[in-house]
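One structure below.
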Amino acid sequence: MTTNDPEGRAVDARPRPPAAVLWDMDGTLVDTEPYWFSSERDLVDEFGRGDWPDEMAEKMVGFDLRDAAGFLQANGGVDLPKDEIVERLLDGVIARLHREIPWRPGARELLADLNEAGVPCALVTMSWRRFVDPVMAALPPGSFVATITGDEVPEGEGKPHPTPYLLGAEACGADPRDCVAIEDSPTGARSALAAGCRVLAVPNVKSPEPAPGLTHVDSLEPIRIDDLGALLDAPLEQPKPSRRGAGRARATAGGERSGGFEINRSLLLIVLGVITAAVVAGAWWVSDNPPERPEPPPGAIATDVWVPYWTLDDVTTDGIDRLQVVRELSPFWYETVGVDDIRVDEQAQEDEIGVFLEAVDGAYIVPSIRDHMPAGGMAAIIADPATRTEHVETILAFADEHEAVGIDIDYEQFAFADGSDTWETTRPNWVAFVEELADALHDTDRTLTVSIPGIWARTETSVEGYWVYDHAAIAPFVDAIRIMAYDYSVAEPGPIAPLWWVEDVVASLSEEVPEEYHSKLVLGVPSYGVNWVTSEVGECPDDATGRTGVTARGALDLADRRGGVPEYNDVDGEWRFTYALNVGEGDTACVQNRQVRWVDSEGVDARVLIAREAGWGGAALWALGYDDPEVWAAFTDAARRDLSTTTTTE
């Protein structure tokens with residue numbers, strides 16, 4: 001491609017090629033994320049709590065393997081040393097690689113073009129050397145001038161730290177500002193951007209957030225060297241729009257894109273950027289005055305909801321007018337990772353957050369903060385009065401920064417990671433923390449909600465469940481206690497939240513907590529389910545899918561696809577169906593017998609009525625976006641309808 005300079009001489013108008021191209025491996029060059037997910041599930045099944053849903057696996061995409069090991073210890077209950085977890089993960093993934101290397105479309109072709117053009121390439125991966133070697137052996141010799149692996153990066157400086165990409169650029173003899181990094185994950189993209197590289201994002205499991213210097217494409221198949229060079233010349237003033245749609249417009253020398261769809265999406269992202277910056281950095285509302293905490297009408301109980309970041313697209317698509325009946329709306333994307341560090345979950349998409357919060361302007365928004373520390377981490381913080389106070393001040397500063405009207409504390413590591421042998425020590429420290437935090441929030445006219453698991457089978461001398469949270473002792477200090485009465489079955493197939501057990505939880509807590517505080521008790525109600533493997537016939541592939549999650553909105557569609565016949569179980573208050581699934585082929589093939597259980601509108605109605613009849617103050621739905629219109633109607637109607645007109649037929 002040539003053009004003429006002002007004096008009429010022919011010049012090459014093509015963009016300059018990158019000084020080097022730095023490639024991520026997992027999810028970018030090869031689609032090994034499903035292999036990692038399967039290996040993680042194997043570890044959690046054998047050495048942990050036996051429950052590893054997809055959303056947990058997705059959080060680890062792009063992690064340094066040492067960090068991944070710590071995450072599995074903290075969130076999957078894997079009771080092994082970190083080094084052993086890493087080695088077992090690698091063993092599982094490498095075994096799958098030896099059967100098949102799943103190249104991502106267009107990756108090898110683009111790499112070959114770069115090699116032919118003499119553009120140096122380096123592999124920058126958080127996987128370890130012994131996992132990388134089989135992939136490198138399947139490529140032509142010299143495809144990469146250097147490989148930077150996770151076990152060769154200084155500990156603590158893996159992605160999202162810039163060190164891996166700085167090392168990659170140095171190995172190519174290039175300035176990172178003249179390099180293009182190809183990434184698929186938010187963690188990797190942040191690492192490359194922090195190093196000064198331009199980033200071409202090819203989303204796989206989770207898409208990197210829009211950012212200056214980052215461009216999204218759906219696939220590497222149409223990408224050529226000139227496209228990479230154009231990224232270096234593109235302006236940095238605003239995030240690059242995602243290139244989606246049938247046209248898949250190609251980048252040109254000026255960084256522009258052909259097709260009206262791209263122009264419109266670019267404008268949309270600019271608007272979203274303004275909204276997101278205002279909401280994420282500042283207030284939870286856009287109107288001048290903070291909202292008042294709404295209370296239910298006489299005779300009704302309050303309805304609260306959690307809003308996880310992974311359902312935001314469904315929530316905004318469905319419309320948000322129905323949220324007018326909600327008392328507390330809790331965004332579920334904040335996590336505490338240290339005594340003075342509260343941050344957005346790295347998988348959350350800020351553009352989706354911005355759109356949602358703009359749409360619910362004026363609602364009483366009480367952000368949830370969950371404990372994302374390793375086992376024992378939060379217990380140690382609240383055990384020391386100095387660090388406990390520092391953590392309270394951090395939460396108060398978070399509330400001030402976002403002008404939050406209240407806070408929901410969801411610290412589940414005490415129950416599910418620390419071990420019951422620590423509870424006697426942790427319990428009084430937890431109560432002291434709640435009292436101190438409640439005082440600090442109330443002094444600034446804010447509310448405190450805690451979301452915690454319950455107790456059951458209470459007698460005068462014993463109790464089962466999670467007594468570490470001392471529900472009775474914290475009741476005088478808080479404004480609401482949400483009881484997470486679900487996940488009854490985790491390791492083995494069984495009910496989600498059987499009615500008889502929910503009734504036991506409610507009865508036990510009603511006895512435990514003084515009656516004057518029963519109006520603060522809120523029953524957590526599930527609108528989801530689980531797809532279990534109950535048995536297998538034959539030899540299943542190593543990467544065969546195990547337990548998966550389902551939602552109320554999707555369960556019947558699954559039954560239709562698989563020929564299942566749903567039946568309602570009155571004792572559990574849940575629906576279920578079974579089906580057989582053929583998995584694999586040849587010598588590694590099997591039939592999985594599966595059972596799906598979930599809570600639909602009938603079960604939601606029954607659970608909310610249990611809370612009302614016990615004199616509790618409310619019900620909280622887990623989670624907005626899991627529900628369908630029938631579930632939502634059942635949830636709100638059961639909380640508000642006139643029970644005095646109910647009749648019983650003998």
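None of the figures in this text is laboratory data; all of them are computed from the coordinates on show. Note that this is a predicted model, so its numbers are computed, not measured. Here Cβ is always computed from backbone atoms with ideal geometry, including for glycine, and neighbour counts include all displayed protein chains.
How would you classify the stretch 33-99 from its alpha-carbon gyration tensor, with a ≥ b ≥ c the square roots of the eigenvalues: rounded for a/c under 1.5, else prolate if a/b is greater than b/c, otherwise oblate?
Judged from the Cα gyration tensor, the stretch 33-99 comes out rounded (a/c under 1.5).
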Distance between the C-alpha centers of the stretch 52-82 and the stretch 30-50? Whole Å please. 9
Using only alpha carbon positions, build the gyration tensor of the stretch 528-598, then give the equivalent ellipsoid semi-axes as the square roots of 5 times its eigenvalues, largest first, whole angstrom. 25, 11, 11
Counting Lys and Arg as +1 and Asp and Glu as -1, what is the net charge of the other residues whose Cβ lies under 12 Å from the Cβ of ALA491? -3
So what is the 222 nm mean residue ellipticity for the chain from helices alone, if each DSSP H run of at least 4 adds -39500 (n - 2.57) and you divide by all residues, rounding to the nearest 500 deg cm²/dmol? -11000 deg cm²/dmol
By Cβ neighbour count within 10 Å, fewest first, ASP543, ASP31 rank ASP31, ASP543
Name the shape class, rounded, prolate or oblate, that the alpha-carbon gyration tensor gives for the stretch 114-160, where a ≥ b ≥ c are the square roots of its eigenvalues, rounded holds for a/c under 1.5, and otherwise prolate holds if a/b is larger than b/c and oblate otherwise. oblate
Order by protection proxy (mean Cβ within 10 Å, highest first), peptides 386-394, 558-566: 386-394, 558-566
Here FRET efficiency (C-beta to C-beta, GLU585 to GLU221, R₀ 41 Å, nearest 0.05) is 0.95
Take every DSSP beta bridge whose two residues both sit in the chain, then give the antiparallel share in percent to the nearest 5. 40
Cβ-placed point charges (K, R +1; D, E -1), dipole of the chain about Cα centre in debye, nearest 20: 1820
Taking the chain, the lysine pairs whose C-alpha atoms sit under 29 Å apart (8 or more places apart or on different chains) add up to 9
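Give the Rg/Rh ratio for the chain, taking Rg as the radius of gyration of the Cα atoms and Rh as the Kirkwood radius, to two decimals.
0.99
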For ARG482, ARG597, ARG16, what's the fewest-to-most ordering of other Cβ within 10 Å of each Cβ? ARG16, ARG597, ARG482
Label 7 Å along Cα→Cβ of GLU100; the stretch 532-551 residues with amide nitrogen under 12 Å? 541-544
Dipole size in debye (nearest 20) for the stretch 528-598 around its Cα centre, Lys and Arg Cβ +1, Asp and Glu Cβ -1? 300
Most exposed to least, judged by fewest other Cβ atoms within 10 Å, TYR568, TYR517 sort to TYR568, TYR517
If you put +1 on each Lys and Arg Cβ and -1 on each Asp and Glu Cβ, how big is the dipole of the stretch 560-650 around its Cα centre, in Debye rounded to 20? 200
Rounded, prolate or oblate (a/c below 1.5 giving rounded, otherwise prolate when a/b exceeds b/c) for the stretch 561-611 by Cα gyration tensor: prolate
How much of the calculated P(r) for the stretch 95-188 lies past 16 Å, in percent of all Cα pairs? 59
Applying the span-like rule to the chain (DSSP H, Cα extent along axis at least 24 Å, Kyte-Doolittle mean at least 0.5) gives 260-281
